[in-house]
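What follows is one structure encoded as structure tokens, with my remarks underneath.
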Amino acid sequence: MKTHKLSCEILSPIHIGSGDEIDPLSYIIKGKNLYKISFDRFLAGINDAERLKLEELIDRGDLLLLREYVSEHIDTHRQSLYSVVVNPHVIEIYHSKKGDIQNQLLISPFIRTEGEAKPLMPGSSIKGAIRTAVISELAKKKDLPEPKNTKEEYEFESKVLGYKDAKNDPFRGVKIRDKCLDNDATIIREIQNVSKTNGRALKANNIQMICEITHSDITGKFVGYQTEIIFDEKLFSTAFLGTRLTREQIVKSCTEFYRDKMEAEHQKFYENTEAESVSKRLLDTPFDQNSFLLRIGRFSGVESVTLDRYRNPKPPGKKKSWGNTRNLAEGVYPMGWVKVCFEDENIHKNRDKTIKVSNQPDATNTKERKAPEKYSGDSASADLSMLKSKFKVKEKQK
């Protein structure tokens, strides 16, 4: 095994979702923070009279009153799984819409460790972004014909990487470790889907998306972390895998692939708009022979997750065109950019080191919370959103 240390600097906000969305029965916003509620802890912390009142509200099926009751009686310090600072604009949306039963106020949380203790940066996200760049650059060199059908599309990557069976995929010989971020590395922000109009302005489309995303260089708060990339030299040396992958190839492929995407996106969307200065800051990021650019997570843009010359995305619904909009944090900040650097010195001494988030005014000082004894009744639910199915709560009809 050959192990290299990777230092990762988050240049622009990242959202890597858990696949779930949370609604106001599983979270509340108080002050400047969102609190993810633990149903078990909440039930364990209320007395018999409060529990009877809760059951009465459940029987009535009034979700609005249920939300209010939980908000008034919860101990956010002891009965929440974690807290995240919330952007003021999202706080305003929450308080203006929480009385509207038709507005679900759904939020997409960041993927977290078991028990939802800390945000998690999966190694697979970095590996997948590297894979896209390497395959795209190799495909251009091999000048393979464009796939004509789904079967050929499925087989295209194996042709580029020189294997017939998935067990011979060269990326089987590469592993990247997951890494936890600090509790104050994320924030709840609105993501706006925008299109460029008249060549000079970004117009927000009517799509409400609220997500937990990372802080970043361009949003004014440094977030970095260190992980490891491991090359299985024994596996590569046996010629069992289709192609040998090297750090030099990764740096070159990622630099060429993602730098081109950043420049093209700037020219197509951000020039002469309110996002121009932010985009220029990204373009001015310095790199050397050991560092490279990546784009990871949701909202990366179709061009960054498909192959050059062979790009054939399938837009949802009846749409025939693609690549005409972008999803920006607060309508200004491009998503997903990361600077990665190979740093090999003192790898074992620094194996568990995480670069700390800079101490900016908007940081949340989340502390570890000790849970009280769990309610010993019939609840195995992790949060209050399960009340709907557990107690068959129905939305009250207007």
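Quickly run through the range 33-65 and pick out the residues that are among the charged types (D, E, K, R) and part of a strand (DSSP E or B). Steps first, please.
Just the residues of the range 33-65 that are among the charged types (D, E, K, R), to begin with: 36, 40-41, 48, 50-51, 53, 55-56, 59-60, 62.
Once the filter is applied, which keeps residues that are among the charged types (D, E, K, R) and part of a strand (DSSP E or B), the range 33-65 yields only Lys36.
Looking at Ile14 and the list (1) touching a Ser or Thr at 6+ places or on another chain (Cβ under 6 Å); (2) in a helix (DSSP H, G or I), which single condition is not satisfied?
Ile14 satisfies every listed condition except (2).
Restricting attention to the range 248-284, which residues are over 27 Å from Glu330 (Cβ atoms) and in contact with a strand residue (DSSP E or B) (Cβ under 6 Å, 6 or more places away or on another chain)?
Hits for the range 248-284 are Val251, Cys254, Thr255.
Does Pro147 satisfy being modelled with pLDDT under 90 and buried (at least 19 other Cβ atoms within 10 Å of the Cβ)? Reasoning before the result, please.
Details: modelled with pLDDT under 90: yes; buried (at least 19 other Cβ atoms within 10 Å of the Cβ): no.
So Pro147 does not fit the description; no.
Looking at Ile135, Ile74 in this structure, which one is assigned by TED's automatic domain parsing to the domain that holds Gln249, surrounded by 12 or more Cβ atoms within 10 Å (Cβ to Cβ) and not charged (D, E, K, R)?
Working: Ile74 fails: assigned by TED's automatic domain parsing to the domain that holds Gln249.
Residue meeting the stated conditions: Ile135.
Taking the criterion of being farther than 20 Å from Ser125 by Cα and part of a loop (DSSP other than H, G, I, E, B), would at least one residue in the range 296-303 satisfy it? Spell out how you get there, then give the answer.
At the first step, the residues of the range 296-303 found to be farther than 20 Å from Ser125 by Cα are none.
Among the residues of the range 296-303, not one is farther than 20 Å from Ser125 by Cα and part of a loop (DSSP other than H, G, I, E, B), which makes the answer no.
Being modelled with pLDDT under 95, loosely packed, with under 15 Cβ neighbours inside 10 Å and closer than 21 Å to Ser216 by Cβ is the requirement here; does Glu274 meet it?
Values: modelled with pLDDT under 95: yes; loosely packed, with under 15 Cβ neighbours inside 10 Å: yes; closer than 21 Å to Ser216 by Cβ: yes.
Yes: the conditions hold for Glu274.
Give just the number: which of (1) at pLDDT 90 or above; (2) within 18 Å of Ile107 (Cβ to Cβ); (3) of a type in the set (Lys, Arg) does Arg67 not satisfy?
Evaluating Arg67 over (1) at pLDDT 90 or above; (2) within 18 Å of Ile107 (Cβ to Cβ); (3) of a type in the set (Lys, Arg) leaves (1) as the failure.
Would you mind stating whether Ser291 is over 30 Å from Arg78 (Cβ atoms) and either at pLDDT below 90 or exposed (fewer than 14 other Cβ atoms within 10 Å of the Cβ) (or both)?
Numbers: over 30 Å from Arg78 (Cβ atoms): yes; either at pLDDT below 90 or exposed (fewer than 14 other Cβ atoms within 10 Å of the Cβ) (or both): no.
No.
Return the only residue of Leu245, Leu181 being touching a Pro at 6+ places or on another chain (Cβ under 7 Å) and over 27 Å from Arg326 (Cα atoms). Step through it out loud before you land on a result.
Values: Leu181 fails: over 27 Å from Arg326 (Cα atoms).
Of Leu245, Leu181, the one residue that is touching a Pro at 6+ places or on another chain (Cβ under 7 Å) and over 27 Å from Arg326 (Cα atoms) is Leu245.
Within the range 164-171, is there a residue that is closer than 18 Å to Phe257 by Cβ and at pLDDT 90 or above? Quick ask: steps written out before the conclusion?
Just the residues of the range 164-171 that are closer than 18 Å to Phe257 by Cβ, to begin with: 170-171.
Now restrict to residues that are at pLDDT 90 or above: 171.
Scanning the range 164-171 turns up at least one residue that is closer than 18 Å to Phe257 by Cβ and at pLDDT 90 or above.
Here's a check for you: in the range 228-253, which residue that is surrounded by fewer than 21 Cβ atoms within 10 Å (Cβ to Cβ) and part of a strand (DSSP E or B) is modelled with the highest pLDDT?
Only one residue fits best here, namely Glu228.
The values are calculated or read from the model by the stated rules, or taken from the named source; none is laboratory data. None of the values given here were measured: they were computed from a predicted structure. Using ideal geometry, Cβ is built from the backbone for each residue, glycine included, and neighbour counts are taken over all protein chains shown.
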